[in-house]
1. Can you tally the net charge around Ala253? Count Lys and Arg as +1, Asp and Glu as -1, for every other residue whose Cβ sits under 11 Å from the Cβ of Ala253.
2. State the antiparallel share, in %, of DSSP beta bridges confined to the chain, rounding to the nearest 5.
3. In the neighborhood of Leu304, defined by Cβ-to-Cβ distances under 13 Å, what is the net charge if each Lys or Arg adds +1 and each Asp or Glu adds -1?
4. Find, among the trypsin sites (Lys or Arg not before Pro) in the stretch 143-180, those assigned to loop by DSSP (not H, G, I, E, B) with at most 14 other beta-carbon atoms within 10 angstrom.
5. Assuming a ≥ b ≥ c are the square roots of the Cα gyration tensor eigenvalues, decide whether the stretch 83-214 counts as rounded (a/c under 1.5), prolate (otherwise, with a/b larger than b/c) or oblate.
6. Which order do Asp81, Asp70, Asp156 take when ranked by solvent-accessible area (1.4 Å probe, heavy atoms of all protein chains), largest first?
7. For His99 and Glu261 in one chain, what is 0.36 nm times their gap in residues minus the Cα-Cα distance, to one decimal in nm?
8. FRET efficiency for His183 and Lys281, Cβ-Cβ distance as r, R0 = 41 Å, nearest 0.05?
Amino acid sequence: MKKIIDLIKKSENICILAHESEDADAIGSSYALRLALIAMGKNVTVYLSDSITNRLSFMGKDYQLFEEEDVKTYDLCICLDCADIFRLGKRRSIFDKAHHTICIDHHETNVGFAEANYVEAASPATGEIIYNLLDEMGAEVTKEIAKNLYCAISTDTGSFKYSNVRPSTMYVCGKLLEKGIDHAELTRLLYDTEELGVLRFKGNLMENILQYADGRLCIVCVRESDLEKYGITERDASDVVNIPRSVKGCEIAVSIREAVEKINISFRSNGKYSVSKIAEKFSGGGHKMAAGASVKDKTIDEVLKEVVKVCEEVIDG
């Protein structure tokens, strides 16, 4: 951590990048760190891979979208919640051009691709690591920073339902609550607020859950035609893996989603099996309980067949 703090302190122009298809942990951690560094007198820009989803729009729009023709040279590039350089997508050119690079992450599959890496696989969220970083730096955690970090930690712990929650997680969130954030409203916005089209789409998806391995493997497939029917995007469907995960008897849940020029796969485990190892079979990664991957040049039906084969081998093995 000391090397990371030293690099931050001596840098003036800083950019922050997180993994593609940013979730609330990636966004919240990036926003929180940006605000803290600006308060320290730094010039800081957050670059997202795409516009923030409607579901997370309440978190604000303190970011820029990357334009390939305008790659600036930064003193420091900080990568958050990103296990592999390839998950930066086209923004890798920003990383490659920066004078110094840092990676702060909690994925057990992190390959340590930056100049300075701080990877805490036991942490349930990058947001918890950022809180500890700010505390060690003596940075003030304002109410707005606390809001972003709470969203980051809450979502990556499934609203504190997952087994990755540890005593320090509850301690950190208690300190965030002391800043006066409305955790009930944040929880409502994160988990209990959906566009009508998304709700109808999910209702249809529930009727089409696929089961294999005597119900221990449950899968949902999202095709472009489904998205068009309900007027939503693939990113609106990024959390649908939780639908098959809730089926009684399910040990491994998977969502397979058609996106632009690729198929996105999300894996979830209910505890018995490590899905990070499964994701690695598809050049992805993540955690034991949650992982993901993207596949190109294959149809959704081809990916489904391969996913079933790999998952059944794990379950039967």
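The values are calculated or read from the model by the stated rules, or taken from the named source; none is laboratory data. Treat the numbers as computed from the prediction; the structure is a model and nothing was measured. Reconstructed Cβ throughout: ideal geometry from the backbone, glycine too, with neighbour counts over all protein chains shown. With ligands, DNA and RNA removed, areas are computed over all heavy atoms of the protein, side chains included. Shrake-Rupley method; radii C 1.70, N 1.55, O 1.52, S 1.80 Å.
1. Spelling it out: positives minus negatives among the neighbours equals +2.
2. Details: 19 of 46 bridges.
Close to 40 percent.
3. Values: positive: Arg223, Arg257, Lys298, Lys305, Lys309; negative: Glu258, Asp301, Glu302, Glu306, Glu312.
Result for the local shell: 0.
4. On the way: sites: Lys143, Lys147, Lys161, Lys175, Lys179; in loops: Lys161, Lys179.
Here the trypsin sites (Lys or Arg not before Pro) that fit, given the DSSP loop and packing criteria, are Lys161.
5. On the way: a/c = 1.83, a/b = 1.22, b/c = 1.49.
It comes out oblate by the Cα gyration axes.
6. On the way: Asp81 0, Asp70 85, Asp156 35 Å².
Accessible-area ranking of Asp81, Asp70, Asp156, largest first: Asp70, Asp156, Asp81.
7. 55.1 nm
8. Numbers: r = 38 Å, r/R0 = 0.93.
It comes out at approximately 0.60.
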